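A.B. asks: Provided herewith is a single structure, encoded as structure tokens, for subsequent inquiry.
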Amino acid sequence: MTYFAHSKEGAPQEQWQTIREHAESVAELCARFSAPWCEEAYARDLGLLHDIGKYQEDFQRRIRGDRHIRVEHSICGAVESEKWRLPWADYCIAGHHGGLPDSGTRSDLPEDPTLSGRKKRKMQDYSAYREELPLNPLAKPPFRISLSSEREECLKEVAFWIRMMFSALVDADHLDTERFCSGARQAPPPADFRRCLGAIAAKTASFSADTPVAKARRSLLEQALSHRDEDAELYLMNMPTGSGKTLASMYFALEQAVRSGAKRIIYIIPYTSIIEQNAAVFRDLFGEDVVLEHHCNFDYDAIREESTREKWMRAAENWDAPIVVTTNVQFFESIYGNRPSQARKLHNIAESVLVFDEVHMFPSLFYQPCLEAVKLLVKQYSCKALFLTATMPDFEKWMAAFGCGGVRICELIRDKSAFSAFERCRMEDLGAVSAEKLLSLGAEATSSLIVVNTRRTARALYERLSGEKYHLSTYMTKRDRARVIGKVKEALAAGRRFVLVSTSLIEAGVDLDFERVFRERAGLDNFLQAAGRCNRNGARGAEQCTAFCFDLDDAELAAGKHMQEQRYFSKQIAEEYGLADTDGVRAYFDRLFEYEKQKRDSYNFRSYIAKNGFLFESCARDFKLIDDESVGVVIVYPDDAAERAAIESLSVGGRAARRRLQAYSVSLRKNEFSELLAQGVLQEENGLWFLTNFGYYDEETGIRSDASCDIVI
């Protein structure tokens, strides 16, 4: 009997793929992908065993046309892997379609979804695999990496190694299946980092150095590059806002990629708001065929060339590209997620240079596992990491405190005397002020930016303003935020007097330049980010421009418990050090991290190590960087043809249509969503919620709780 793994619609059986052909191809790819950290024999046997459940009679009946039969095939290889002495292969094989499972316990029943429970399920005879697949019992440990002698650390390293093997297996499985079904994918050309290095060197050399700021940028870049040959695993680049961090970090990353023979550079950014502009800078420098931009808002349909569009859509599945620009969410959920679609990219992170922009913004609840992942990647998977920010915590201290020490660290910017060139404004702490006083101070300047902590406060202040005014918050759609930013740029260019009130979304990725900036007290890093919008381009004298920190004394508008700890320590540091002292920044993070240490260590992976094994599914369920408590609502504009076309194509357009509609959506808290739902103005269609009454949306201030424009609380 011929045993088939995949059929092809309309083709004779002679053109179908046999299990043996598929298994041997997957084994070869799996061994190639994991060669630096896994013994070849283990990886090959893992690939050979993953689909042996397809030797069951019912699967062969199903593939030959009996489609009503449902067959579980992935558990068979998990059971057999023990007989071939392949430790932990059962997790990878059992999860190669549904995701890495929890280990479970010996008392689990066959109907339980755990690895232990599923291995008790009855299967049909699949022993024919022994006649077709050339397996050999493993004669030595599968690791090509050195494991810690400490039990807990060793178990964490094994868990990470299992994830890497799972990634190699599922990517090999997908690629071979894709090759059979639709032909081999068009891969991006190999990385030519020497050419990219030449391009960025020419770009930076073309900048004139005839002003104090330009000279300081050149000095900081040269200082960073002077440490290019230091053999570290983690590099720290602490540079002020406006000092050219983006180009300097990529320049240094390219130097490291050439020096270490890295396969790719992965540039990781916390904000989707700035990822597009950074990716555009890199594409202009290195070419369209080099840079993969991967985040939830990227619209592949905007790529006109079909072959290019198809290439990048496929490359996004496993990050097979020389330079990847992505988000914290994509990066860390690919590591700690358990689904095959998330894990496929993980093996391609190995042997990369990793640049973490705004690294101080690692999510506090998942601080420990984020640092742990960086440590394991640089210590065991041949990565180099670069931490980049204008407000640098003492990472050497805090990595050790969170059990991630032992990493060789190199600080690239040791002489900070050039920082003074980027002090483009005075900084002043106003203390507690009334809303009226705040708005009066804002109106005195030609252009003022007021940044507050909540959307409710932003809307309330905006409504009290007179004269030319603008408002930005995430109550507004991306479409309207872009329109408002365009108007603000026009007002700045024309020199008109105006005030912009915004939430923190303005603090990164928006190139605007104000005479005065007011930042409601939050984290010290938030204040310094906002201050970077004051006299941003240095067109005025620093003595003419001021960035103010303030607290609102209005109980109805004050932030309450929002960012309470950050506000407390920020106020302490301002009193002891001032608002812009580099030692003060480090002291701020020291105090905040010490206070939050227990919370920041709560998702340590040790919590997901059980007596009987690893809890991969539970970890993935808990490790969510994006708050699942919010609900997205699409605002239906009465006159937007592009939106109407996207809505009409939802049923057939799938993910592409959904991505286009993100420009028209607003995220609401559950209580806000429930209020609108109760008023009957929300409707669900194709899995999305739509605001059907445009009277509940204001294009200047965003979504509202009712048509009379009451503020959403």
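A.B. asks: Roughly speaking, what is the stretch gain from residue 341 to residue 225, that is 0.36 nm per residue apart minus the C-alpha to C-alpha distance, in nm to one decimal?
C.D. replies: Contour length minus the Cα-Cα distance gives 38.0 nm.
A.B. asks: Separate question: Using unit Cβ charges (K, R positive; D, E negative) and no other charged atoms, how large, in debye to the nearest 20, is the dipole of the chain about its Cα centre?
C.D. replies: Values: 94 positive and 107 negative charges, 141 e Å.
It works out to roughly 680 debye.
A.B. asks: Next up: Can you give the three extents of the C-alpha atoms in region 137-276 along their principal axes, from longest to shortest, in whole Å?
C.D. replies: 68, 47, 30
A.B. asks: Further question: Which of the peptides 246-253, 641-648 is most tightly packed, and how do the rest follow, judged by the mean count of other Cβ atoms within 10 Å per residue?
C.D. replies: My ranking of the peptides, most packed first, is 246-253, 641-648.
A.B. asks: At 27 angstrom or more along the helix axis (alpha-carbon based) and mean Kyte-Doolittle of -1.0 or higher, what helices does the chain contain? Whole DSSP H runs only.
C.D. replies: The qualifying helices are 151-182.
A.B. asks: Calculate the FRET efficiency for residue 18 and residue 206 from the Cβ-Cβ distance with a Förster distance of 45 Å, rounded to the nearest 0.05. It would help to have the intermediate numbers written out before the result.
C.D. replies: Working: r = 58 Å, r/R0 = 1.28.
Between residue 18 and residue 206 the formula returns 0.20.
A.B. asks: Ignoring ligands, DNA and RNA, what accessible area per residue does region 23-93 give at 1.4 Å, in Å²?
C.D. replies: Solvent-accessible surface per residue comes out at 38 Å².
A.B. asks: What translational diffusion coefficient, in µm²/s and rounded to a whole number, does the Stokes-Einstein relation yield for region 12-65 at 25 °C and a viscosity of 0.890 mPa s, taking the hydrodynamic radius as the Kirkwood radius over Cα pairs?
C.D. replies: Rounded, D is 202 µm²/s.
A.B. asks: Calculate, axis by axis, the spread of Cα positions in region 414-540 along the three principal axes, and write the results as whole Å, longest axis first.
C.D. replies: 45, 32, 27
A.B. asks: Moving on to the next point. Of the heavy-atom accessible surface of the chain (probe 1.4 angstrom), what whole percent is carbon and sulfur?
C.D. replies: Percent of accessible area from carbon and sulfur atoms in the chain: 47.
A.B. asks: Something else about it: Once the whole set of protein chains is in place, how much accessible area is left on residue 16, using a 1.4 Å probe, in Å² to the nearest 10?
C.D. replies: Surface accessible to solvent at residue 16 totals approximately 30 Å².
A.B. asks: At 222 nm, what value in deg cm²/dmol follows for the chain if DSSP H runs of at least 4 each add -39500 (n - 2.57) and the sum is divided by all its residues, to the nearest 500?
C.D. replies: Here the helix-only value at 222 nm equals -13000 deg cm²/dmol.
A.B. asks: Estimate the FRET efficiency between residue 688 and residue 184 by the formula 1/(1 + (r/R0)^6), using the beta-carbon distance for r and 35 Å for R0, to the nearest 0.05. Let's see the in-between values first.
C.D. replies: On the way: r = 35 Å, r/R0 = 1.00.
Taking R0 as 35 Å, the efficiency between residue 688 and residue 184 is 0.50.
A.B. asks: Put a dot 7 Å past each Cα toward the Cβ at residue 700 and residue 417; how far apart are the dots in nm?
C.D. replies: Between residue 417 and residue 700, the label points sit 5.2 nm apart.
A.B. asks: Let me ask something else about it. Write down the percent of antiparallel bridges among all DSSP beta bridges whose residues are both part of the chain, to the nearest 5.
C.D. replies: Beta bridges within the chain, antiparallel portion: roughly 20 percent.
A.B. asks: On to the next question. Normalising by the residue count of region 48-206, find the relative contact order in percent from Cα pairs under 8 Å and 6+ residues apart.
C.D. replies: Across region 48-206, relative contact order equals 19 percent.
A.B. asks: Too long at a 30 Å Cα-Cα cut-off: which of 156/561; 397/571; 245/489?
C.D. replies: Pairs exceeding the cut-off: 156/561.
A.B. asks: Over the chain, what is the mean sequence separation of C-alpha contacts under 8 Å (at least six apart), divided by residue count, expressed as relative contact order in percent? Walk me through the numbers on the way to the answer.
C.D. replies: Values: 1251 pairs, mean separation 89.3, N = 713.
With pairs under 8 Å counted, the relative contact order is 13 percent.
A.B. asks: For region 648-693 and region 156-176, write down the distance between their C-alpha centroids in whole Å.
C.D. replies: Cα centroid of region 648-693 versus Cα centroid of region 156-176: 36 Å apart.
A.B. asks: Using the heavy atoms of the protein chains alone and a 1.4 angstrom probe, what is the accessible area of region 330-389 per residue in square angstrom?
C.D. replies: With all protein chains present, region 330-389 gives 17 Å² per residue.
A.B. asks: Say R0 is 60 Å: what FRET efficiency, to the nearest 0.05, do residue 72 and residue 539 get from their beta-carbon distance?
C.D. replies: Working from the Cβ atoms, E equals 0.35.
A.B. asks: In region 146-281, if the dipole is taken from +1 on Lys/Arg beta carbons and -1 on Asp/Glu beta carbons about the Cα centre, which of 169, 206, 180 is farthest to the positive end?
C.D. replies: Checked the options; the winner is 206.
A.B. asks: Ok, one more. Pick the calculated Kirkwood radius over Cα pairs in Å for this structure from (i) 27.9; (ii) 29.8; (iii) 26.7?
C.D. replies: Working out Kirkwood radius over Cα pairs in Å from the coordinates points to (i).
A.B. asks: How many nm separate the modelled label positions at residue 149 and residue 128, each set 7 Å beyond the Cα in the direction of the Cβ?
C.D. replies: Result: 5.2 nm between the two label points.
A.B. asks: Can you tell me the dipole magnitude for region 397-464 around its Cα centre, using point charges on the Cβ only (Lys, Arg +1; Asp, Glu -1), in Debye to the nearest 20?
C.D. replies: Once rounded to the nearest 20, the dipole reads 300 debye.
A.B. asks: Which one of 409, 343, 620 has its Cα pushed farthest toward the positive end of the charge dipole of the chain, where Lys and Arg give +1 and Asp and Glu give -1 at the Cβ?
C.D. replies: 409
A.B. asks: Which lysines, on any chain, are close to residue 54 with Cα under 20 Å apart, when same-chain ones fewer than 8 places away are left out?
C.D. replies: The reachable lysines, counting only those whose Cα sits under 20 Å from residue 54, are 8, 83, 119, 120, 122.
A.B. asks: Something else now. Using square roots of five times the C-alpha gyration tensor eigenvalues, list the equivalent-ellipsoid semi-axes of region 48-205 in whole Å, biggest first.
C.D. replies: Square roots of five times the eigenvalues give 35, 25, 15 Å.
A.B. asks: Next up: Just the ratio, please: alpha-carbon radius of gyration of region 585-674 over 2.2 N^0.38 Å, N its number of residues.
C.D. replies: Working it through for region 585-674, the quotient is 1.71.
The values are calculated or read from the model by the stated rules, or taken from the named source; none is laboratory data. Bear in mind the structure is a predicted one, so any value in this text is a computation, not a measurement. Heads up, the Cβs are rebuilt from the backbone with ideal geometry, glycines too, and the neighbour counts pull from every protein chain shown. Protein only, heavy atoms only, side chains kept; ligands, DNA and RNA dropped before computing areas. Shrake-Rupley method; radii C 1.70, N 1.55, O 1.52, S 1.80 Å.
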